[in-house]
Amino acid sequence: MSFPWAQEYKPQGTVSKWVDERLPLPRLVYNAVGAGYPVPRNLNYFWNFGVLAGVALVIQIVTGIILAMHYYASVDGAFNSVEHIMRDVNSGWFIRYAHMNGASFFFIVVYIHIFRGLFYGSYKAPREMIWLLGVTIFLLMMATAFMGYVLPWGQMSFWGAQVITGFFSAIPVVGEPLRQWLLGGFAPDQAALNRFFSLHYLMPFVIAGVIILHVWALHIPGSSNPTGVSVKSEQDTVPFHPYYTAKDGFGLGIFLIFFVAVTFFAPNMLGHPDNYIPANPLSTPAHIVPEWYFLPFYAILKAFTVDFGIPFTGIIIIEAKLMGVLAMFGSILLLFFLPWLDTSPVRSGHYRPLFRKFFWFGLIPCIILLTYCGGKPPYTQWVILSQIAAAYYFIHFLIILPIVSRIERPLPLPNSITEAVTGKPLEKAAA
Amino acid sequence: MVRLGAFLVGLFFSGMLLLGLGDTVIKAIQEPAQPSAEYEFHEKPLAVSFAHDGPFGKFDRGQLQRGLKVYSEVCAACHSLNLVAFRDFAALGYNEDQVKALAKAWKTEVPTINPETGEPATRPGIPADKIPSPFANEVAARAANNNALPPDLSLITKARADGTAYVYSLLMGYRDQAGYKNAEGKELLKEFPDAATPAGLHFNPWFANLNIAMANPIAGDDQVTYDDGTKATKEQMAKDVSAFLAWTAEPKMENRKSAGWAALGFLFIFTVLAWMSYRTIWADKKH
Amino acid sequence: MSTVKKTKTTGKKPVKAPKASAAKAGKAAISNTAAENPSVADNGQTPGVRRRDFIHIATVSFAGVGAAAVAMPLVSQMSASADVLALASIEVDVAAIQPGQSIKTSWRKQPVFIRNLTPAEVEEANKVDVGALRDPQTLADRTKPGKENWLITLGVCTHLGCVPLGAAAGEVKGEYGGYFCPCHGSHYDTAARIRKGPAPTNLVVPEFAFISDTVVKIG
């Protein structure tokens, strides 16, 4: 660990000493989330969401393993097995609703976590690796969520699988064979369902592995904080336990209240009615949309309507369909480059007047608009809005951010975290 | 290098999007979207309320029993209910013997095989059986229904937006198409002469494309005779069967709500305690 | 790692503006090191200590109770579901079974032997000295009054759960003319009582009743 003043684990009693000498697991925990991890004292509630994301993953894994005890991955039996869980399995309805809504809450929490990283510049040196691993987790989550949504084999499951694997068919030459390889057939069927189930079971454990790396990388420089000013002395930090364990406990209570309220009182609010109709390969629902957490990306996909080619010759270099797919993946992949696009030495958006304006009045409305348009049918007004919003999305990250970091004059930063908190300079406070 | 590349990629994507935007606007002006009858004359579900609405709502057992009667005497001629078993009717307030009697008296028998010859046969239902479908398979169902497939009703109220009200509205929504006007006073056949309901279909503005294959199933009052003496008006029957179908879609709804209140109560106390704990620990630490 | 440093912090307010009074702020600064580890610092300081500890204990125990409450459905989901329980009783028509014949049927996914004993078999079963048996039971204990010839047992050997032979025509009936389990050599007599071999008890008689002269309800 990084800070010399971090408390050292001192095993109490012979058993603890015996264990510590042979497998220092308690020491690892102590240094990771115990008193041995010094954390800036000024973290606000946005810093609760990392732990909450971990909790959400645990909820998903526990409920998921239970659902897998009752689910059959068969095109004839999958839908009915889900309803068997809902009707006949003891407390099955609770476990299934918790898993279904748990996915949504996992995304809500992770989106807030990403949003915090974006605003407070958590992706900047020396925390680039944490950010890269985080974006990787996000990609894995999206893949896992997509495959999980296919499993009930309802209409949205089936047509979601059809449309999303259809992205790959946009790739020239290898696209169609690739799609058939992914599905194990010409359309989603038994082969696809079985492999999606297998991978859906595997992926959360891969995610858990990357989370371990993410947290490991976090413990090298330590947590960032709302001022973005680096920790300078012991006064700037508090031990994770009991300070942040207590705060996270409170945050967990609030999170669970929201989660329980939706799971028990509006469990189908975030879902789609069509997924209660068994999959029918011969009839597409009137209006297919992905789950809400994919809507911004779906809007970007749909926003590309013109082919890229040489004007007046009819030669097309990139078709609109392929460009939509590239842009959709690009909109996530560009996050990998963020630490090198935003070169401002100031981390926190609080001290960056220009960045802050673009963040609150550009990026946030743009993402809300994309989410909204993503769920709408392809009527002209929604296409226009999503084209404007999608264009801003790319301009924001790829053009505005590098320019802003160059021309912006940041506000004066506090000398230290302690000074920001107590209003007194570090030296005086130490007295 | 990264920033130069990013700049070019950003320029390309946003440029293509803005080209697309121009294209969309030009197309919208050159060929504005045609109004459609489905879009302008499709009605939102009627306002209707049920005992099971809201976070404290519980099913009205009497209503569910009446709804079962409507289902079994009217709907069950065409619509299956294949996720529901006779034993589930115990939740409607029937005792074991009544459930057995219901299963035994059900109009459609359960397919089985003749134990002597192995030939296909049928036998009376028992509580463990799922409700037998009126048709042996999809082909038979279509053949008997002018090539339309009556959907299974087990999940119908979850499988449609605003499902319970939707079912009620659909049952109440058969109208005479000649001279039909919507709330804005527009007359359908004047605005869209092509929208006349084809032969074999029935006009119902609560159905997605306005023309439904199902003939009005509850045409008038007293189509069934309720055991509890409730007057079987058309509206009463539509409401009862909608409530019944809300139950078939989610038989565990009451457990869900009561467990939800217990969980919320617990979490509220936990959160207050956790908050006090948090404040105590941070009491002398400014942050 | 570079951060822009300014010597003065005037101008823009720091992120978390001081909320509490200045006095409290001073106290926080002074008690800083002690507060690093409140559990140590608190020991025997003020009467408030007990109340504080109580809050933490209450919070953690409350969380424990919650976890236990959530664990209940997570465990109970593994027990038999409603559709499985619904098949817990069956009705069998035994009219066609002639004396000396038996049938195998399935109840709760387990084999059930229904055997129509011949008078000779009944007599043989009644001849046995019950006191000498490993699991002392008379034939009457194992059948219904007036229907002593109807022996209904689970076809599950009480040793390790194999299905004994002897129910189907032509199968080995063992040394005592009842059933014989080939897995580990348990012999059952004509009342399906254990007579020889490792099985500890007689074949289990399920709960059953004649609901008419020829229909048996099992379960």
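The values are calculated or read from the model by the stated rules, or taken from the named source; none is laboratory data. Since the structure is predicted, the reported quantities are computational estimates derived from the model, not experimental observations. Note that each Cβ is placed from the backbone with ideal geometry, even for glycine, and that neighbours are counted across all protein chains shown. Surface areas here come from the heavy atoms of the whole protein model, side chains and all, with no ligands, DNA or RNA. Shrake-Rupley method; radii C 1.70, N 1.55, O 1.52, S 1.80 Å.
Before moving on, here are some points about what is shown:
- Region A:341-365, residues that are more than 12 Å from chain B (Cβ to nearest Cβ), more than 17 Å from A:P226 (Cβ to Cβ) and among the hydrophobic types (A, V, I, L, M, F, W, C): A:L354, A:F358, A:F361, A:L363, A:I364
- Take the conditions (1) in contact (Cβ under 8 Å) with a residue 24 or more places away in the chain; (2) away from chain B (no Cβ under 14 Å); (3) under 19 Å from C:V216 (Cβ atoms); C:D141 misses just one of them, which is (1).
- Which numbered condition B:P198 fails, given (1) touching a strand residue (DSSP E or B) at 6+ places or on another chain (Cβ under 8 Å); (2) modelled with pLDDT of 95 or more; (3) of a type outside the set (A, V, I, L, M, F, W, C): (2)
This table checks each residue for (1) under 15 Å from C:F208 (Cα atoms); (2) aliphatic (A, V, I, L, M); (3) in a loop (DSSP other than H, G, I, E, B).
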{"residue": "C:A120", "(1), (2), (3)": "no, yes, no"}
{"residue": "C:A125", "(1), (2), (3)": "no, yes, no"}
{"residue": "C:G161", "(1), (2), (3)": "no, no, yes"}
{"residue": "C:G178", "(1), (2), (3)": "no, no, no"}
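- Entry remark, region B:17-32: residues being at the interface with chain A (Cβ under 9 Å from one of its Cβ atoms) and either among the acidic types (D, E) or out of contact with any helix residue (DSSP H, G or I) (no Cβ under 6 Å at 6 or more places or on another chain) (or both) number 6 in total.
- Failed condition for A:P126, given (1) surrounded by fewer than 21 Cβ atoms within 10 Å (Cβ to Cβ); (2) closer than 30 Å to A:P221 by Cα; (3) at pLDDT 95 or above: (3)
- Selection within region B:1-57 - at pLDDT below 90, in a loop (DSSP other than H, G, I, E, B) and surrounded by 12 or more Cβ atoms within 10 Å (Cβ to Cβ): B:S36
- Filter result for B:G62 (farther than 17 Å from B:D129 by Cα and not assigned by TED's automatic domain parsing to the domain that holds B:V224): no
- All positions within region A:88-113 that are over 12 Å from A:F264 (Cα atoms) and among the aliphatic types (A, V, I, L, M): A:V89, A:A103, A:I108, A:V109, A:V110, A:I112
- If you go through region C:45-61 and keep only what is at the interface with chain B (Cβ under 9 Å from one of its Cβ atoms), at pLDDT below 90 and open to solvent by 80 Å² or more (accessible area, probe 1.4 Å), you end up with just C:R51.
- Note on region B:211-258: residues that are surrounded by fewer than 19 Cβ atoms within 10 Å (Cβ to Cβ) and under 20 Å from A:W93 (Cα atoms) amount to 7.
- Taking the criterion of being more than 30 Å from B:A143 (Cα to Cα) and in contact with a Lys or Arg (Cβ under 8 Å, 6 or more places away or on another chain), the residues of region B:59-94 that qualify are B:Q63, B:D88, B:L92, B:G93.
One line per residue, one yes/no per condition, for (1) open to solvent by 30 Å² or more (accessible area, probe 1.4 Å); (2) within 9 Å of chain B (Cβ to nearest Cβ):
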site: A:H241; (1), (2): yes, no
site: A:G251; (1), (2): no, yes
site: A:W292; (1), (2): yes, no
site: A:I315; (1), (2): yes, no
site: A:L333; (1), (2): yes, no
site: A:P339; (1), (2): no, no
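- The one condition in (1) surrounded by 20 or more Cβ atoms within 10 Å (Cβ to Cβ); (2) aromatic (F, W, Y); (3) within 25 Å of A:Q7 (Cβ to Cβ) that A:F259 fails to fulfil: (3)
- Among residues of region C:67-109, those that are away from chain A (no Cβ under 14 Å) and under 25 Å from B:K130 (Cβ atoms), counted: 10
- Residues in region A:366-402 that are within 12 Å of another protein chain (Cβ to nearest Cβ), over 27 Å from A:P339 (Cα atoms) and assigned to a helix (DSSP H, G or I): 6 in all.
- Any hit, region A:265-272, residues being more than 12 Å from chain B (Cβ to nearest Cβ), more than 23 Å from the chain's Cα centre (by Cα) and touching a residue at least 40 places away in the same chain (Cβ under 8 Å): no
- Enumeration of residues in region B:258-287 that are at the interface with another protein chain (Cβ under 7 Å from one of its Cβ atoms) and either assigned to a loop (DSSP other than H, G, I, E, B) or in contact (Cβ under 8 Å) with a residue 40 or more places away in the chain (or both): B:G260, B:W282, B:D284, B:K285, B:K286, B:H287
- Residues of region B:201-216 that are closer than 22 Å to B:M237 by Cα, in contact with a helix residue (DSSP H, G or I) (Cβ under 8 Å, 6 or more places away or on another chain) and either hydrophobic (A, V, I, L, M, F, W, C) or within 14 Å of chain A (Cβ to nearest Cβ) (or both): B:W206, B:F207, B:I212.
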